[in-house]
Amino acid sequence: MTSPVVTRFAPSPTGYLHIGGGRTALFNWLFARGRGAKFLLRIEDTDRERSTPEATAAILRGLTWLGLDWDGDVVSQFEGRERHAEVAHQMLARGTAYKCFSTKEEIDAFRAEAEARGSYAVFQSPWRDADPATHPNAPFAIRMKAPREGETVIDDQVQGRVVIKNETLDDMIVLRSDNTPTYMLAVVVDDHDMGVTHVIRGDDHLVNAARQQMIYDAMGWAVPTWAHIPLIHGPDGKKLSKRHGALGVEEYQVMGYPAAGMRNYLTRLGWAHGDAEFFTTEQATEWFDLKGIGRAPARLDFKKLENLCGQHIAASDDAALLHELEAFLAVSGQPTLTDSQRALMQSGMASLKERAKTFPELLDKARYIMSSRPISRDEAAEKALDAVSRGILQSLTPQLRNASWTKDDLEAILTGAAAANGIGFGKLAAPLRAALAGRTVSPSVYDMMLVIGQDETIARLEDAAA
RNA sequence: GGCCCGUUCGUCUAUCGGUUAGGACACCAGGUUUUCAACCUGGGAAGAGGGGUUCGACUCCCCUACGGGCUGCCA
């Protein structure tokens with residue numbers, strides 16, 4: 001009988017949602033959602049010094065923006081501390097753990113001495129096999145009685161069969177002398193209690209998996225399926241750091257990348273499904289598997305991210321895109337759309353979305369919608385509006401006033417005007433763009449005219465011709 | 001220092017012993033065009049190095065180099 005699949009994402013609330021953490025969460029989510037399984041969220045807040053509620057909130061916001069919804073309530077690891085202590089004591093009772101009275105000072109001294117000698121032996125507690133009768137009446141930590149010989153084998157779905165010699169692992173502390181659980185114990189207990197079947201996490205935990213597996217064995221619990229994924233590196237191949245900027249998932253939102261494109265890019269980073277590059281989230285959940293995860297760390301490539309985002313923007317539903325655009329405006333601290341801007345955006349979206357890779361870019365292309373008369377013009381636009389062009393624009397307005405305002409009608413008028421003036425259409429389009437958008441780079445003149453309408457078009461042309 | 005993991009075009013990757021080593025992004029050239037974007041065509045571009053195993057290695061094994069991780073009463 002195979003138990004139903006359960007995955008989880010377990011971040012420490014010590015900062016925002018890291019881009020690597022976001023991808024780890026995404027992989028877990030994809031794996032679960034593709035199998036009708038559960039995706040749980042647990043906050044590893046046992047380190048009271050470094051954990052903050054603000055960080056937890058930021059992580060939740062990041063996940064939500066990425067569209068990764070979790071099942072059930074968010075679990076606080078700290079809340080389970082009594083259960084963790086209980087398990088530590090069960091280990092004691094089973095003889096798979098022991099009380100260690102060595103003080104932190106003694107252990108530090110041992111390490112310092114070892115280092116001075118140039119050796120790096122693991123600390124071996126003198127209390128491992130001590131007679132309980134000799135136990136002092138003093139605070140103690142509970143240490144796992146780890147096997148000293150043999151090896152622990154991690155059957156990893158990504159890294160393959162990884163063998164760790166037990167002699168290289170020490171008797172880790174599972175319960176501190178102040179009765180608080182350590183991470184090693186807490187993860188195992190929580191994953192077991194939450195029924196987690198697949199642990200998909202960064203490969204910085206690969207060796208930890210061996211230690212954790214010892215606890216599973218000590219408690220006689222079923223070991224989950226391991227999948228340790230490589231970390232993400234910066235564009236320079238080095239560890240991701242502040243220097244690379246854009247470490248937090250939310251920063252990507254502020255930069256204006258659409259969530260769908262972000263998901264696509266992050267999924268593709270370190271995972272492959274043949275030659276599939278551009279895909280929907282539905283396809284991703286359907287295709288995602290552990291086998292497709294690569295073993296080497298991947299670098300962030302903003303160009304590819306942008307390309308994918310452009311494709312997703314173009315493929316998006318107009319109304320949904322407008323909603324996401326407004327959300328972007330809000331998080332990036334920009335003014336909200338006025339009612340008329342929103343209405344124009346709605347009708348202009350179809351042409352706008354074909355040409356933008358990010359929301360700032362889309363907004364830039366939508367300048368003809370975002371600005372109102374009088375339209376301010378940049379230098380190139382000013383140049384395009386020379387005396388001759390102004391004259392042509394002037395001569396155009398009577399015809400436009402009588403136009404039926406359909407694409408065909410406008411096309412007939414404009415190409416006719418170009419021909420009448422003995423110029424190519426491109427020569428006419430430049431001043432039109434300048435008049436309509438204040439720039440010589442803009443969406444199609446027909447699209448702009450159709451979106452802003454007859455009156456506004458004529459008014460802008462008259463402004464420019466004046 | 002010890003242990004563990006990794007290494008295919010600039011980047012993300014395909015390949016699961018036999019391929020002219022494929023695709024995508026980026027780049028370069030040309031085309032189309034109503035500017036930008038898009039689009040079309042073409043191009044350059046890779047198995048870290050060295051040993052094995054094998055009729056045959058990118059693929060399996062070993063060594064080296066480089067990168068990363070772990071080595072806490074942090075997570």
Can you find, within the range A:410-466, the residue that is farthest from RNA strand B (Cβ to nearest atom) among those that are loosely packed, with under 14 Cβ neighbours inside 10 Å, modelled with pLDDT of 90 or more and not in a helix (DSSP H, G or I)?
A:453
Exactly one condition in (1) modelled with pLDDT of 90 or more; (2) buried (at least 16 other Cβ atoms within 10 Å of the Cβ) is false for residue A:384; which is it?
(1)
Report yes if some residue within the range A:305-328 is surrounded by fewer than 16 Cβ atoms within 10 Å (Cβ to Cβ), closer than 27 Å to residue A:372 by Cβ and among the polar types (S, T, N, Q); otherwise report no.
no
How many residues, within the range A:368-381, are surrounded by fewer than 19 Cβ atoms within 10 Å (Cβ to Cβ) and either in contact with a Lys or Arg (Cβ under 7 Å, 6 or more places away or on another chain) or touching a residue at least 40 places away in the same chain (Cβ under 8 Å) (or both)?
6
Scanning the range A:298-318 residue by residue, the ones that are more than 6 Å from RNA strand B (Cβ to nearest atom), in contact (Cβ under 8 Å) with a residue 40 or more places away in the chain and not in a helix (DSSP H, G or I) total 2
Scan the range A:256-288 for residues that are touching a residue at least 12 places away in the same chain (Cβ under 8 Å), in a loop (DSSP other than H, G, I, E, B) and surrounded by fewer than 16 Cβ atoms within 10 Å (Cβ to Cβ) and jot them down.
A:272, A:277, A:278, A:280
Tally time: how many residues in the range A:1-60 are assigned to a helix (DSSP H, G or I) and under 23 Å from residue A:251 (Cβ atoms)?
20
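To keep it simple, each residue is scored yes or no on (1) touching a residue at least 60 places away in the same chain (Cβ under 8 Å); (2) within 28 Å of residue A:157 (Cβ to Cβ); (3) within 22 Å of the chain's Cα centre (by Cα).
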| site | (1), (2), (3) |
| --- | --- |
| A:34 | yes, yes, yes |
| A:46 | yes, yes, no |
| A:49 | no, no, no |
| A:57 | no, no, yes |
| A:79 | no, no, no |
| A:84 | yes, yes, no |
Identify, by number, the condition in (1) surrounded by fewer than 20 Cβ atoms within 10 Å (Cβ to Cβ); (2) of a type in the set (Phe, Trp, Tyr); (3) under 22 Å from residue A:239 (Cα atoms) that residue A:9 doesn't meet.
(1)
Selection over the range A:319-356 where residues are part of a loop (DSSP other than H, G, I, E, B) and either aromatic (Phe, Trp, Tyr) or over 26 Å from residue A:407 (Cβ atoms) (or both) yields a count of 6
Could you tell me whether the range A:91-112 includes any residue that is crowded, with 19+ Cβ neighbours inside 10 Å, more than 36 Å from the chain's Cα centre (by Cα), in a helix (DSSP H, G or I) and in contact (Cβ under 8 Å) with a residue 24 or more places away in the chain?
yes
Residues that are free of Cβ contacts under 8 Å to residues at least 60 places away in the same chain and of a type in the set (Val, Ile, Thr): does the range A:382-397 have at least one?
yes
Among residues of the range A:155-178 being closer than 26 Å to residue A:84 by Cα, β-branched (Val, Ile, Thr) and modelled with pLDDT under 95, the residue surrounded by the fewest Cβ atoms within 10 Å (Cβ to Cβ) is A:168
Checking the conditions here, which among A:153, A:174, A:87 is under 14 Å from residue A:214 (Cβ atoms) and either touching a Cys at 6+ places or on another chain (Cβ under 6 Å) or part of a helix (DSSP H, G or I) (or both)?
A:87
State all residues of the range A:60-79 that are in contact with a Ser or Thr (Cβ under 9 Å, 6 or more places away or on another chain) and surrounded by 14 or more Cβ atoms within 10 Å (Cβ to Cβ); if no residue qualifies, say none.
A:76, A:77, A:78
Mind listing whichever residues of the range A:113-126 are more than 10 Å from RNA strand B (Cβ to nearest atom) and either surrounded by 14 or more Cβ atoms within 10 Å (Cβ to Cβ) or of a type in the set (Lys, Arg) (or both)?
A:117
Restricting the range A:231-255 to residues that are surrounded by 19 or more Cβ atoms within 10 Å (Cβ to Cβ) and within 15 Å of RNA strand B (Cβ to nearest atom), the residue that is modelled with the lowest pLDDT:
A:240
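Results for (1) over 30 Å from residue A:27 (Cβ atoms); (2) among the polar types (S, T, N, Q); (3) more than 9 Å from RNA strand B (Cβ to nearest atom), shown as yes or no for each residue.
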{"position": "A:109", "(1), (2), (3)": "yes, no, yes"}
{"position": "A:132", "(1), (2), (3)": "yes, no, yes"}
{"position": "A:140", "(1), (2), (3)": "yes, no, no"}
{"position": "A:143", "(1), (2), (3)": "yes, no, no"}
{"position": "A:147", "(1), (2), (3)": "yes, no, yes"}
{"position": "A:157", "(1), (2), (3)": "no, yes, yes"}
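The values are calculated or read from the model by the stated rules, or taken from the named source; none is laboratory data. All values reported here derive from a predicted model rather than from experimental measurement. Cβ: placed from backbone, ideal geometry, glycine included. Neighbour counts: every protein chain shown.
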